[in-house]
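Worksheet: the structure to be examined is printed underneath.
The values are calculated or read from the model by the stated rules, or taken from the named source; none is laboratory data. Everything numeric in this text was worked out from a predicted model, so none of it was measured. So basically every Cβ, Gly included, is an ideal-geometry build from the backbone, and we count neighbours across all protein chains shown. Accessible surface is based on the protein model in full, side chains and every heavy atom, while ligands, DNA and RNA are left aside. Shrake-Rupley method; radii C 1.70, N 1.55, O 1.52, S 1.80 Å.
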Amino acid sequence: HGENIGLSSSHDEKKRLDELHFDKILMSDEIFVLNVDGYVGESTCNEIALAVLHNKIITWLFPHYGGDEWFEANSHDIGRRIAEHVSAGRG
């Protein structure tokens, strides 16, 4: 979680990094999801939700672990995360 590259595990630092990623997503046309072995972590799910909210193209490293099937399995969770982005003023 960043400790090996000189980042602390503080909640504030994590929140600042997440916000930086959100800003980069808003400036981009597309996001690229590194879903190695089908794993999509908590922060990446938040980033995917923001990308969906803003109609960004989403490309998956391993499409057979992502794409439509992933969205179908995670639609409720992504919907909740989109609502959180909207309430936070990112919508």
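Are there any pairs, at least 6 apart or on different chains, whose C-beta atoms fall under 7 Å, with the first in the range 1-29 and under 14 Å from Glu47 (Cα atoms) and the second of a type in the set (Asp, Glu) and modelled with pLDDT of 90 or more, and if so, which?
His21/Glu47; Ile25/Glu47
Please tell me if Glu3 is charged (D, E, K, R), modelled with pLDDT under 90, surrounded by fewer than 11 Cβ atoms within 10 Å (Cβ to Cβ) and more than 13 Å from the chain's Cα centre (by Cα).
yes
Take the residues in the range 41-60 that are farther than 17 Å from Arg90 by Cβ and at pLDDT 95 or above, then tell me which one is most open to solvent (accessible area, probe 1.4 Å).
By that ranking, first place goes to Ile57.
Does any residue of the range 66-88 turn out to be in a loop (DSSP other than H, G, I, E, B), touching a residue at least 12 places away in the same chain (Cβ under 8 Å), open to solvent by 50 Å² or more (accessible area, probe 1.4 Å) and not charged (D, E, K, R)?
no
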